[in-house]
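One structure is given here, and the rest of the page talks about it.
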Amino acid sequence: MGKKISLILDGFVKNNPTFVLVLGMCPTLATTTSAMNGLSMGLATLFVLVLSNIAISAIAPMVPDKVHIPVYIVVIATFVTVLQLLMQAFVPSVYATLGLFIPLIVVNCIVLGRAEAFAGKNSVGASALDGIGVGLGFTASLVVIGLVREILGSGSAFGWKLFPGDGVLAFVMAPGAFLVLGYLMALFNKYLKK
Amino acid sequence: MVLCLTAVCLLCGAVLGLVYAATYDAIEAASLKALQASIGQVLPEGGALSEANHVEVGGQDYEYYLSTGDGKTLAYAVKSTVSGFGGPLTLMVGVLPDGTVYNTSVLSHTETPGLGAKCTTDAAFVGQWKNFPATKSLKLKKDGGDVDAITASTITSRAYTLAVANAVAVVKNLEGESVAVDAASGASAY
C-alpha cells in the first residue's frame, strides 16, 4: 500500500515532470495563459499518459527491442487521436481552445519518457499508478503556472476578475511564461525537492 | 519484428476506425450546432433560413446563408475568413441588404489569449458591430475609419474589420453592385 502511494507521490515531487524532469516544455509554455487552459491541457495529458502506460506495459514483453520506439509512438498516437475525436464530439469549446496542442501530446517527452523509463520495465498496475502520479503532477504544475500568469497578466483567476484593469500584458505572452516558469522552478527546487 | 509492428499498427488502426465511426455523428452535430448558433446570433429574428450558398468574389469563395420573409431577402449571413495575428480568423457576419452590419460572431480564431482573443469578449469592441451603419467607414480609427480597435491588439482588430468589410462587399455584390474585395491579410499593413 505504502509503495503504491509513493508511486503516485513521486510523480508530484521527485519526478515532477515540469519542475524537476523539465520535460514537455512546449505545452507548458504555450497553454498556460490561464489556469483553466492549464488544467484542460494537464487532464488531456493525464488521460493519454495513463492509457499509454497501461497499454505499453502490457505489450512491452512481446515487443522486440529494435522496434519498441515505433510501437510506443503508434500506441501513444492512437490514444491521442481517440482523445482528439472524443473532445471534438463532446467538449467542442475546450477543443477550440486547445485544438492545436492536442496532437502535440504525441511527441510530448513526458509520455514517451514514462513509456521508455517506466512502463516498458514495470507491471501494468505500477505503470498505471505512475501514469496517474506523473499526469497529476503535470496537471498541478500547469495549473499553478497558469494561475500565476492569469493573476499577473489578466487580473483574474479561473476567469473570475480579482482586480480591475488588465494586469501586466507581458505575462500572457511568451516572455512571461519563461519568467514565471523560471521563478517557480527555482522556488520548487529550493523548498520542496529534498 | 515486422510481424509485431504490423500487428500493433493493425490493432491501432482498428481502434481508431471504431472511435471515428462512433464519434462521427456527434462531431457533425456539434459543428452544425456551433454554426447555427452563430448564424442565429448575427441575423435578425424571424425569416426563413436558406441552405448554404456559395459565391466567388475577388477570387475567394464565400459561404453565405439567406434569411427571407414575404418573398424578400431580409438579411445575409456571410462566412468570412482572413489572416489574423496567429492564423486564420473566421467570422460569421450578418449583413442587411443595404450594407448595414447587423451583428458579427467569431467562428474560429487562433489569436493570442488575453490580447487578440479579446475580439470574442471585449464588450466595447464586440458591441460596436451591432447595427454598424453602412455610412460609416469599415476601417480602424487609426487608419482613418470609424472602428474602435482592441487595446494592444491592432493587428487582430484590423483583420476583424477586414473580414467584416469583405462580408459587406460580398453582400453588395450579391445585391448587384460591383465592389472589389480586398483579400489581403490584416497583418500585412502595419
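Of the conditions (1) among the hydrophobic types (A, V, I, L, M, F, W, C); (2) closer than 17 Å to A:V134 by Cα; (3) touching a Lys or Arg at 6+ places or on another chain (Cβ under 9 Å), A:V48 clears all except one; give me its number.
(3)
Evaluate the following for A:P61: is it surrounded by fewer than 19 Cβ atoms within 10 Å (Cβ to Cβ), within 10 Å of chain B (Cβ to nearest Cβ) and not small (G, A, S)?
Taking the combined requirement at face value, the residue does not satisfy it.
Taking the conditions exactly as written (modelled with pLDDT under 85, surrounded by 23 or more Cβ atoms within 10 Å (Cβ to Cβ) and within 14 Å of another protein chain (Cβ to nearest Cβ)), does B:G116 satisfy them or not?
Numbers: modelled with pLDDT under 85: yes; surrounded by 23 or more Cβ atoms within 10 Å (Cβ to Cβ): yes; within 14 Å of another protein chain (Cβ to nearest Cβ): yes.
Criteria met by B:G116.
Given the residues A:I73, A:I69, A:I54, which is the only one that is within 20 Å of B:L10 (Cβ to Cβ) and in contact (Cβ under 8 Å) with a residue 60 or more places away in the chain?
A:I54
Which residue is surrounded by the most Cβ atoms within 10 Å (Cβ to Cβ), if the candidates are limited to the range B:45-68 and must be aliphatic (A, V, I, L, M), modelled with pLDDT under 85 and part of a strand (DSSP E or B)?
So, considering only residues that are aliphatic (A, V, I, L, M), modelled with pLDDT under 85 and part of a strand (DSSP E or B), the one surrounded by the most Cβ atoms within 10 Å (Cβ to Cβ) is B:V57.
With within 20 Å of B:N131 (Cα to Cα), hydrophobic (A, V, I, L, M, F, W, C) and either crowded, with 24+ Cβ neighbours inside 10 Å or touching a His at 6+ places or on another chain (Cβ under 7 Å) (or both) as the only criterion, which of B:L91, B:L96, B:L74 stands out?
B:L91
What's the number of the condition A:L162 fails, among (1) more than 14 Å from chain B (Cβ to nearest Cβ); (2) of a type in the set (A, V, I, L, M); (3) in contact (Cβ under 8 Å) with a residue 24 or more places away in the chain?
With respect to (1) more than 14 Å from chain B (Cβ to nearest Cβ); (2) of a type in the set (A, V, I, L, M); (3) in contact (Cβ under 8 Å) with a residue 24 or more places away in the chain, A:L162 is out only on (3).
If B:E51 satisfies all but one of (1) over 30 Å from A:E150 (Cα atoms); (2) within 14 Å of chain A (Cβ to nearest Cβ); (3) acidic (D, E), what's the number of the condition it fails?
Looking at each condition in turn, B:E51 falls short on (2).
Quick check on my filter: what residues within the range B:69-90 are touching a helix residue (DSSP H, G or I) at 6+ places or on another chain (Cβ under 6 Å), within 13 Å of B:C119 (Cβ to Cβ) and part of a strand (DSSP E or B)?
B:V82, B:L89
Consider only pairs whose beta carbons are under 6 Å apart and that are at least six residues apart or on different chains; among these, list those whose first residue lies in the range B:114-133 and is free of Cβ contacts under 8 Å to residues at least 12 places away in the same chain and whose second residue is hydrophobic (A, V, I, L, M, F, W, C).
Pairs found: B:G114/A:V172.
All but one of (1) closer than 21 Å to B:T110 by Cα; (2) within 11 Å of another protein chain (Cβ to nearest Cβ); (3) crowded, with 22+ Cβ neighbours inside 10 Å hold for A:A55; state the number of the condition that does not hold.
Evaluating A:A55 over (1) closer than 21 Å to B:T110 by Cα; (2) within 11 Å of another protein chain (Cβ to nearest Cβ); (3) crowded, with 22+ Cβ neighbours inside 10 Å leaves (1) as the failure.
Okay, residues lined up against (1) touching a residue at least 12 places away in the same chain (Cβ under 8 Å); (2) in contact with a Phe, Trp or Tyr (Cβ under 7 Å, 6 or more places away or on another chain):
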residue: B:L11; (1), (2): no, no
residue: B:G40; (1), (2): no, no
residue: B:P44; (1), (2): yes, yes
residue: B:E51; (1), (2): yes, no
residue: B:V57; (1), (2): yes, no
residue: B:T73; (1), (2): yes, no
residue: B:G86; (1), (2): yes, no
residue: B:D98; (1), (2): yes, no
residue: B:Y102; (1), (2): yes, no
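Is it the case that some residue within the range A:78-95 is crowded, with 17+ Cβ neighbours inside 10 Å, in contact with a Phe, Trp or Tyr (Cβ under 7 Å, 6 or more places away or on another chain), more than 10 Å from every other protein chain (Cβ to nearest Cβ) and over 24 Å from B:L10 (Cβ atoms)?
Quick first cut of the range A:78-95, residues crowded, with 17+ Cβ neighbours inside 10 Å only: A:78-89, A:92, A:94-95.
Cutting the leftovers down to in contact with a Phe, Trp or Tyr (Cβ under 7 Å, 6 or more places away or on another chain) gives us A:83, A:85, A:87-88.
Filter once more, keeping what is more than 10 Å from every other protein chain (Cβ to nearest Cβ): none.
So far as the range A:78-95 goes, no, none of its residues is crowded, with 17+ Cβ neighbours inside 10 Å, in contact with a Phe, Trp or Tyr (Cβ under 7 Å, 6 or more places away or on another chain), more than 10 Å from every other protein chain (Cβ to nearest Cβ) and over 24 Å from B:L10 (Cβ atoms).
The values are calculated or read from the model by the stated rules, or taken from the named source; none is laboratory data. Everything numeric in this text was worked out from a predicted model, so none of it was measured. With ideal geometry, Cβ positions are generated from the backbone for all residues, glycine too; neighbour counts draw on all protein chains shown.
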